[in-house]
Amino acid sequence: MARQPTGPPPPPTVQRLRLRYTKRGPLRFASHRDLARALERALRRARVPMAFSAGFSPHPKISYVGAAPTGAASEAEYVEIGLAEVRDPDEVRAALDASLPPGVDVLECVEAAEGGGSLADRIDAAAWRVELPGVEPEDLAAAVAAFLAREEVTVAKRTKNGLRDVDARAAVAAASAGGTAGCAILSLVVRQVTPAVRPDDVLAALTAVADLRPPLPPRAVREAQGRLDDSGTVADPLGPDRAARARCQGERATV
Amino acid sequence: MSGETLYPRLEPLLAQVQKPIQYVGGELNAQVKAWDDVAVHWALMYPDAYEVGLPNQGLMILYEVLNERDDALAERTYAVWPDLAALMREHGVGQFTVDAHRPVADFDLLGVSFATELGYTNLLEALDLAGVPLHAVDRDASHPVVVAGGHAAFNPEPIADFVDCAVLGDGEQVVGDITDVVRAWKEQGRPGGREELLARLARVEGVYVPRFYAVSYGPDGAIAAVTRTRDDVPARVGKRTVMDLDEWPYPKQPLVPMAESVHERMSVEIFRGCTRGCRFCQAGMITRPVRERTITGIGSMVDQGLRATGYEEVGLLSLSSADHSEIGQLAKELADRYEGTNTGLSLPSTRVDAFNVTLANELSRNGRRSGLTFAPEGGSERIRRVINKTVSKDDLVRTVTTAYANGWQQVKLYFMCGLPTETDEDVLEIADLAVEVIRAGRAASGRKDIRCTVSIGGFVPKPHTPFQWAGQASAETIDSRLRLLRQAINADRRIGRSIGLRYHDGEPGIVEGLLSRGDRRVGRVVERVWREGGRFDGWSEHFSYERWTAAAAAELPPLGVDLDWYTTRERIEHEVLPWDHLDSGLDKEWLWDDWQDALSEEEVADCRWTPCYDCGVCPTNGTEIQIGPTGRSLLPLTVVGR
């Protein structure tokens, strides 16, 4: 018989908190695994009472949602954590933020509303801002126009299983050019598809349709994630939880 | 201006390389001090990839000790992978520190910690990338003083042309002494230039400056003499020894990287030194005497370190952790303290001893019992007497069986191949042993899914050990014995499928042997290998045996020696060894007698429990064994995560 852990099973999850955090500065070079490790250690240092899975190697209850690629910065990364004791979300936010390295900043922490569905279900698109040092805004604008005029732009994407062709055009809900002389800025809204289309793939598509070749490595920042609504904006995925909490507090106030 | 960050120029390159996170710094507990606030600037290098170098305890200790000084700062640098190195050369970005991305060339000192000789080509690559002349003689007062440390520094002769100094022994105190010397010299307006600075450093206890020692060779190719060229430097350089480890509770704030590293845990060194007397073990010979940290000192380091890092595992580190005089009580009290907190406690590989199973049970009582590692090192009782690591076959089988019976599913056994006097039969006994262990283990545990992994590598004779005179087994001998062992293990499939075999080919061991017991002439081989692209020699995907043998064949025969001369040749009693002027405290006559005892299969006991056997260390260095028990207990604490 295999050994079983002695003693009672770990305490259950009594509270789910959803966090929005950033990946800024040099830490844009962190991979998803790097961030996950840093977060788990920061939770321990901040003494957040995590709920754990059962068994000999218990894992803290953490669910990650769509991590930004290595090298891309982000203002909108999301994670959900399960706690074994109820805590004030603002206090958890502050404690965790203090315990994470500068650049991984916890911007928001809200309690998940009961029956409000999963966080992943509230995210199907991302808004990106891509700085292109050495590229002139008018050159970018021309390339974007050429790209949008196409029905389909196929680019080769490196995946775990080798190179694979993807249609970069279909996933792009919106694209526009801006910026200043010497540094164009590409704004994108990209739908979540499989395999994922990322800013790099869109840039490869701009090279394909308009021969746009940035002389320096571009810098991408994910500015928002959420559901793409009919108006073409990306909705705040924590909005429903925040609204439920406000309602609940409002009801309490009227009693 | 000095010390300005290279980051803005480095950043665009990072977008184009593998695992860029390893180059950005910002680790938890890392420190960046203002350049102009301090007099002395140290760059500390671990000459291997970041993932290997970051967890290195030695570097972490010195980093903290130096940064605690008001007059010094220390930053870290690691070997850069070839993809980034190529881009750095293309864009003129020099070797940088990960803390503030300052150019290594701007620092006053570059301290390089060599745990293994296979980092030598990475030293040359870093110097070249930094824009520091490769050869010490070509450097002037504007260049960093290149200081080698770590165990390999006990024979730094193969890199004598490339380093300015080598430091022997414990680093905690000597880095302070070196800082004082450099500071005074700078404040006095650098009198006498680099030569004077090095002469002053050569008078610091434990510091060896190769340029002040001339080596002459005899007609047989062996060293005729090593003589000092100035009379104000010591004729023999002795090692440094830190006494009272409780006064040096470092690292207090262990570094925690964002990137993945080879040790995802915190370590606390529970004692330093070892007097077990295993004859192959350089670490056990050069770090004497045994100095224990007290149970309370360990307890507070574990507590502080966990709070500072958020790690969930603590390794209790030393050369033979179960030998700590308070280990039983320590294991119990730490397990009590961290019960129910998902904090793991572990010991590194241990001697084959039933007590170690008890200890491991205690440390793992709150967690999983996955694997336990023992190090019998030698396959037969006879060869274990030769290496002075005596354990009978019956005791070995009994101990491992006890482990299986206590719920450990996987036992790993470490062995060496190519030990002095070894025959095929000695190695083949490993197969018998593994088979017996599985048979007895299945019977005792009532389970079929237990496993035994045999991990085996070629033995490399090291300086300052009784085996320093031994002829190294050739790569062919090692490979052929490993082949026989594999066949023997696979002979009975029903048992063999429960036995795993992990082994290292013989070829890298020959290069390690050349570098371990080499003299200054070997420096030419190192340089040629680096010029031909040799880097990361500890990595099988980068190591090229052909490159090393070709470089050795080109450089050594004109000097009257060759690769075999340095490796497979047995030395005679009175041959001048390249490291004879470097004093680990061990008496050369005692080492020779111990070598003769090895050949006649005679054992020597541990001086902690039996009378002194005159190895020479304590009287030479004015040190003594520091062991408990202290009779103290760990105090109750509120712990993280409960």
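Under the condition of being buried (at least 18 other Cβ atoms within 10 Å of the Cβ), of a type in the set (A, V, I, L, M), modelled with pLDDT under 95 and in a helix (DSSP H, G or I), the residues counted in region A:209-255 number 0. Scanning region B:226-250 for residues that are under 29 Å from B:G299 (Cβ atoms) and part of a loop (DSSP other than H, G, I, E, B) yields B:T241, B:V242, B:M243, B:D244, B:W248, B:P249, B:Y250. Checked against the criteria, B:Y545 counts as surrounded by fewer than 16 Cβ atoms within 10 Å (Cβ to Cβ) and closer than 20 Å to B:Q472 by Cβ. Against the numbered list (1) surrounded by fewer than 21 Cβ atoms within 10 Å (Cβ to Cβ); (2) in contact with a Ser or Thr (Cβ under 9 Å, 6 or more places away or on another chain); (3) within 14 Å of another protein chain (Cβ to nearest Cβ), B:D71 comes up short only at (3). For region B:138-148, the criterion of being surrounded by fewer than 21 Cβ atoms within 10 Å (Cβ to Cβ), touching a residue at least 40 places away in the same chain (Cβ under 8 Å), aliphatic (A, V, I, L, M) and more than 19 Å from B:M45 (Cα to Cα) is satisfied by at least one residue. Within region A:21-31, being surrounded by fewer than 18 Cβ atoms within 10 Å (Cβ to Cβ) and either part of a loop (DSSP other than H, G, I, E, B) or in contact with a strand residue (DSSP E or B) (Cβ under 7 Å, 6 or more places away or on another chain) (or both) holds for one residue alone: A:R24.
Return the total of residues in region A:53-80 being assigned to a strand (DSSP E or B) and more than 15 Å from the chain's Cα centre (by Cα). Total meeting the criteria: 1.
Listed here are the residues, each with its yes/no results for (1) over 24 Å from B:A443 (Cβ atoms); (2) more than 14 Å from chain A (Cβ to nearest Cβ); (3) in contact with an Asp or Glu (Cβ under 9 Å, 6 or more places away or on another chain); (4) modelled with pLDDT under 95.
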{"site": "B:A331", "(1), (2), (3), (4)": "yes, yes, yes, yes"}
{"site": "B:N356", "(1), (2), (3), (4)": "no, yes, no, yes"}
{"site": "B:R384", "(1), (2), (3), (4)": "yes, yes, yes, no"}
{"site": "B:K389", "(1), (2), (3), (4)": "yes, yes, yes, yes"}
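Within region A:17-44, being away from every other protein chain (no Cβ under 11 Å) and of a type in the set (A, V, I, L, M) holds for A:L17, A:L19. It is to be established whether one or more residues within region A:135-146 are in contact with a Gly (Cβ under 7 Å, 6 or more places away or on another chain) and either at pLDDT below 95 or within 14 Å of chain B (Cβ to nearest Cβ) (or both). No, region A:135-146 has no match at all.
If you go through region A:60-72 and keep only what is at pLDDT 90 or above, out of contact with any strand residue (DSSP E or B) (no Cβ under 6 Å at 6 or more places or on another chain) and either surrounded by fewer than 18 Cβ atoms within 10 Å (Cβ to Cβ) or hydrophobic (A, V, I, L, M, F, W, C) (or both), you end up with just A:P69. All told, B:A214 meets the bar of being outside any loop (DSSP other than H, G, I, E, B), surrounded by fewer than 19 Cβ atoms within 10 Å (Cβ to Cβ), aliphatic (A, V, I, L, M) and assigned by TED's automatic domain parsing to the domain that holds B:A39.
The set of residues in region A:45-67 being more than 11 Å from chain B (Cβ to nearest Cβ) and among the hydroxyl-bearing types (S, T, Y) consists of A:S63, A:Y64.
The number of residues in region B:12-40 that are touching a His at 6+ places or on another chain (Cβ under 9 Å) and within 11 Å of chain A (Cβ to nearest Cβ) comes to 5. Taking B:L599 as the residue in question, decide whether it is over 29 Å from B:Y120 (Cα atoms), of a type outside the set (F, W, Y), in contact (Cβ under 8 Å) with a residue 40 or more places away in the chain and surrounded by fewer than 17 Cβ atoms within 10 Å (Cβ to Cβ). Yes: the conditions hold for B:L599.
The set of residues from region B:1-11 being away from every other protein chain (no Cβ under 13 Å) and in contact (Cβ under 8 Å) with a residue 60 or more places away in the chain comprises B:S2, B:G3, B:E4.
Of the listed requirements (1) more than 8 Å from every other protein chain (Cβ to nearest Cβ); (2) surrounded by 14 or more Cβ atoms within 10 Å (Cβ to Cβ); (3) farther than 19 Å from B:A259 by Cα, A:V14 misses just one: (2).
The values are calculated or read from the model by the stated rules, or taken from the named source; none is laboratory data. A quick note: this is a predicted structure, and the numbers were derived from the prediction, not measured. When we count neighbours, we look across all protein chains shown, and the Cβ atoms used for this are built from the backbone with ideal geometry, even at glycine.
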